[in-house]
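Peer 1: Sharing a structure below in structure tokens format, with a few things to ask.
The values are calculated or read from the model by the stated rules, or taken from the named source; none is laboratory data. Since we're looking at a predicted model, the values are computed, not measured. As a convention, Cβ positions derive from the backbone with ideal geometry for all residues, glycine included, and neighbour counts pool all protein chains shown.
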């Protein structure tokens, strides 16, 4: 009933405009979603020991006892030699840092779009 009342008040041009705006909003959301690239940065003893793309699947061995895995745009501490294993139990993340205090290790995820500098005149 409500739909019939709406159809009475809208013209063909209104429907074309609504369709155009719908397509425009969907396409822009896909464009902006795909442009957001993230970078994984691994620090140990406050030194950058690895920097890489979060979209690239990889296994990083710090040593035989510390293994970090990047898969499907997420990262996790796969194996660690620390006693409580909090860093391993944290699991997969794509935004929050992973910190292993006993090994002085931090896995940080940075958004590349945030690092772009706007130059204005």
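Peer 1: Determine if segment 33-45 includes at least one residue that is over 15 Å from residue 110 (Cα atoms) and modelled with pLDDT under 90.
Peer 2: Yes, because at least one residue in segment 33-45 is over 15 Å from residue 110 (Cα atoms) and modelled with pLDDT under 90.
Peer 1: What number of residues in segment 80-104 are surrounded by 12 or more Cβ atoms within 10 Å (Cβ to Cβ) and closer than 20 Å to residue 54 by Cα?
Peer 2: Residues flagged as surrounded by 12 or more Cβ atoms within 10 Å (Cβ to Cβ) and closer than 20 Å to residue 54 by Cα within segment 80-104 amount to 10.
Peer 1: Continuing with the same structure: Which of the residues spanning segment 96-110 are free of Cβ contacts under 8 Å to residues at least 40 places away in the same chain and either in contact with a strand residue (DSSP E or B) (Cβ under 6 Å, 6 or more places away or on another chain) or assigned to a loop (DSSP other than H, G, I, E, B) (or both)?
Peer 2: The answer is 96, 97, 98, 99, 101, 102.
Peer 1: Among the residues of segment 48-79, which ones are in contact (Cβ under 8 Å) with a residue 24 or more places away in the chain and either in a loop (DSSP other than H, G, I, E, B) or exposed (fewer than 14 other Cβ atoms within 10 Å of the Cβ) (or both)?
Peer 2: 54, 73 - these are the residues of segment 48-79 that are in contact (Cβ under 8 Å) with a residue 24 or more places away in the chain and either in a loop (DSSP other than H, G, I, E, B) or exposed (fewer than 14 other Cβ atoms within 10 Å of the Cβ) (or both).
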